[in-house]
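One structure is given here, and the rest of the page talks about it.
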Amino acid sequence: MKFAAALFFLLLAGCYVKNKDLHPCTDNANCTDPAAPVCDLAAQVCVECTPESAAACTGQKPICGADNVCRACTAHADCLASMVCLPDGSCGIEDQVAYVANGGTSATCAKSAPCNTLTAAILLGKPYIKVASGEPVKDTKTTTIDGKVVTILADPGARLDREGDGPILEIRSPTTDVKIYDLEITGASGATGADAIILTPNGGTPKLTLTRVKITGNQGLGISASGGALTISQSTLSGNTNGGISISGGALTVSQSTFSGNANGISINGGALAISRSTLSGNANGGISITGGTFDIVNNFFFSNGGLGSSVGGLVISTTQNAANRLEFNSFNKNQTQDGIGPSVHCVAGAFTARNNIMSGPLSQAAHFGGTCQHAYSVATPGTLPPGTGNVASNPMFVNTTTGDLHLSAASPARGMADPASALTGPAAVDIDGQPRTAPADIGADEYNP
């Protein structure tokens, strides 16, 4: 009997501890669940945080939201102490950031006293640099980053330029790893050497990652590289007189980006190109040119690139057979070239077969394709069908071929007509908008979604 009574009281005590947080709280001591350590006194419930206890939010969720839930920062203004929101959602530490602004006068690059050039900030060796908005930050010479690991962040509207002619930014090896977010790099000028960014290996493999970056209005190339690893996402390269990107060797990875109004979009020689969910339009000398190396080209729009005298229309490939090569689920419209070159796709790559592409638009030549590659389950109209299986000559019925909206309309014959054996994996798992593809998939870059 005594044992039963003792057991009853023991179970009662355990039940009280277990259900303690279900009762109204009056202070933080009542909130024992680590997932809800703060008492919302007004509601008398345990929560992640309150405005008065915002310090409960740390790490990659440093901001207390209006719903009393900790979240990642999404803007620099969320982080009042440093005014720096890092890419992982955490707030930067002020002492780890060098601040740059046009008109800055300090060599310390402090938040309250910024320096006026990117070069000065880099010399401090801090892991983060913050570029302020307003007038462009300029230097009298090319800013060189050599052997540094640094992340450059920018306020909305922040711009980087330079005084006088020449490149704006040069990234060198041997161990350089530079990440740039939200910055506009513009205005490189000069008869020669007016590329906005130069990537130079110098015996190593420098890395440059651009996210939400604009490279516009430069008299040379947007980016020239003789090797290294270049990664571009959610960025725009436009109006660059000598072209968007020219890279020799190295690796170029592009996603969700736009190349428009350049001399040419991308030229790569002997490297590895992977591009997905991107748009190349109005590039006067062509969209993409590939010589040697490997390619992975999936889910892209190619619109109105090249001209009647250009050697590149939408895409020209000249390389050898490689199992890594992939050209699938792209939409080509109104691209042009000189006679003898396929205005949509001109491909020489061994026994390679391109699949599930739309090649269309007004055509002064006999076909949209050229070269020796095969094509399968593709739309080619007007003109001759390419060699291969499953190809059709039908109007793909894009939404708007005047503005370059190459999404499919509801009545498009390309819907559900892709190769049923296609691997909907990697970049082909979704379409240009990130919508999931399902078998039987649609031909072209867009998976129709009303």
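What to note about this one:
- Any hit, the range 295-305, residues being over 25 Å from T384 (Cα atoms) and either touching a Leu at 6+ places or on another chain (Cβ under 8 Å) or of a type in the set (D, E, K, R) (or both): yes
- When residues in the range 177-207 are screened for being in contact with a Gly (Cβ under 6 Å, 6 or more places away or on another chain) and of a type in the set (V, I, T), 2 of them pass.
- Qualifying positions in the range 125-160 - among the acidic types (D, E) and out of contact with any strand residue (DSSP E or B) (no Cβ under 6 Å at 6 or more places or on another chain): E135, D139, D155
- Filter result for the condition that a residue is within 25 Å of the chain's Cα centre (by Cα) and either open to solvent by less than 60 Å² (accessible area, probe 1.4 Å) or free of Cβ contacts under 8 Å to residues at least 12 places away in the same chain (or both), over G416, G404: G404
Every residue, every condition in (1) open to solvent by less than 20 Å² (accessible area, probe 1.4 Å); (2) at pLDDT 95 or above; (3) acidic (D, E); (4) not in a strand (DSSP E or B), yes or no:
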{"residue": "A43", "(1), (2), (3), (4)": "no, no, no, yes"}
{"residue": "C49", "(1), (2), (3), (4)": "yes, yes, no, yes"}
{"residue": "P87", "(1), (2), (3), (4)": "no, yes, no, yes"}
{"residue": "Y99", "(1), (2), (3), (4)": "yes, yes, no, no"}
{"residue": "S106", "(1), (2), (3), (4)": "no, no, no, yes"}
{"residue": "K111", "(1), (2), (3), (4)": "no, yes, no, yes"}
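- Applying the set (1) over 24 Å from G286 (Cα atoms); (2) touching a helix residue (DSSP H, G or I) at 6+ places or on another chain (Cβ under 9 Å); (3) modelled with pLDDT of 95 or more to N356 leaves exactly one unmet item: (1).
- Which listed residue, of V348, V312, is in a strand (DSSP E or B) and either out of contact with any strand residue (DSSP E or B) (no Cβ under 9 Å at 6 or more places or on another chain) or touching a residue at least 12 places away in the same chain (Cβ under 8 Å) (or both): V348
- Per the listing T209, T192, T231, T241, the residue uniquely outside any loop (DSSP other than H, G, I, E, B), closer than 23 Å to D139 by Cα and open to solvent by 20 Å² or more (accessible area, probe 1.4 Å) is T209.
- Comparison of G309, G342, G313, G286 shows that the only residue that is open to solvent by 30 Å² or more (accessible area, probe 1.4 Å) and not charged (D, E, K, R) is G309.
- Per this entry, I145 is counted among residues that are under 23 Å from Q96 (Cα atoms) and open to solvent by less than 30 Å² (accessible area, probe 1.4 Å).
- Every test in (1) open to solvent by 50 Å² or more (accessible area, probe 1.4 Å); (2) on the phi > 0 side of the Ramachandran plot is passed by G390 save one, and that test is (1).
The values are calculated or read from the model by the stated rules, or taken from the named source; none is laboratory data. Quantities reported herein were computed from a predicted structural model and do not represent experimental measurements. No Cβ is skipped: glycine too gets one built from the backbone with ideal geometry, and neighbour counts run over all protein chains shown. Accessible surface areas use protein heavy atoms only, side chains included; no ligands, DNA or RNA. Shrake-Rupley method; radii C 1.70, N 1.55, O 1.52, S 1.80 Å.
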